[in-house]
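Here's the structure we're looking at; comments come further down.
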Amino acid sequence: MNFAQSISVCLGKYVDFSGRAARPEFWWFFLFQCLVGIAASFLGDVVSGLVSLALLLPALAVGARRLHDIGKSGWWQLICLTVIGILVLIYWFVQPTAEGSNQYDKEPAAP
């Protein structure tokens, strides 16, 4: 998945918290968020705040799908409210895809 595909998929599934997101999808969208956030900060606080608010749901959704990809619940994102939790999330986000199906897949695996 390339940069443009990742942005398209993440913005298209901006409130889809089910399914999986591979590492490239998550990290390309993260880079997009950073770049857009930096560009918006040059335009003022109000624009920066609106951009951050607009990208909040897609970021949470792709984060939940990324955690599903490694077999964890999307609710684990709440641990980012602590400093150590941010480090744990980064560690999980860089993990390879879990093989096979898990309880967070949209459709059960075929027998």
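The values are calculated or read from the model by the stated rules, or taken from the named source; none is laboratory data. These numbers were taken from a predicted model, which means no experiment stands behind them. In this analysis, Cβ positions are derived from the backbone assuming ideal geometry, glycine residues included, and neighbour counts consider all displayed protein chains.
Checking G44 against (1) touching a helix residue (DSSP H, G or I) at 6+ places or on another chain (Cβ under 9 Å); (2) loosely packed, with under 13 Cβ neighbours inside 10 Å: exactly one of these is not met. Which one?
G44 satisfies every listed condition except (1).
Out of L35, L31, L11, L55, I need the residue that is out of contact with any helix residue (DSSP H, G or I) (no Cβ under 8 Å at 6 or more places or on another chain) and on the phi < 0 side of the Ramachandran plot. Which one?
L35
Can you run down the residue pairs with Cβ atoms below 7 Å, 6 or more apart or on separate chains, where the first is in segment 1-28 and in contact (Cβ under 8 Å) with a residue 60 or more places away in the chain and under 16 Å from L55 (Cβ atoms) and the partner is of a type in the set (D, E, K, R) and assigned to a helix (DSSP H, G or I)?
Close Cβ pairs satisfying both conditions: F26/R66.
Can you say whether V51 is closer than 20 Å to V62 by Cα, loosely packed, with under 13 Cβ neighbours inside 10 Å and among the β-branched types (V, I, T), as far as the supplied structure shows?
No: the conditions fail for V51.
For Y104, work out the one condition from (1) surrounded by 14 or more Cβ atoms within 10 Å (Cβ to Cβ); (2) under 17 Å from A22 (Cβ atoms); (3) at pLDDT 90 or above; (4) not basic (K, R) it doesn't fulfil.
Here Y104 meets the rest and fails (3).
Only one of I79, I86 is surrounded by fewer than 18 Cβ atoms within 10 Å (Cβ to Cβ), within 30 Å of G100 (Cα to Cα) and either touching a Cys at 6+ places or on another chain (Cβ under 8 Å) or modelled with pLDDT of 95 or more (or both); which?
Working: I79 fails: either touching a Cys at 6+ places or on another chain (Cβ under 8 Å) or modelled with pLDDT of 95 or more (or both).
Going through I79, I86 in turn, the sole match is I86.
List the pairs whose first member sits in segment 32-54 and is under 18 Å from Y14 (Cβ atoms), whose second member is of a type in the set (S, T, N, Q) and in a helix (DSSP H, G or I), and whose Cβ atoms are under 6 Å apart, counting only residues at least 6 apart or on separate chains?
A40/S48
Can you pull out every residue in segment 1-41 that is loosely packed, with under 13 Cβ neighbours inside 10 Å and part of a loop (DSSP other than H, G, I, E, B)?
Those that are loosely packed, with under 13 Cβ neighbours inside 10 Å and part of a loop (DSSP other than H, G, I, E, B): N2, V15.
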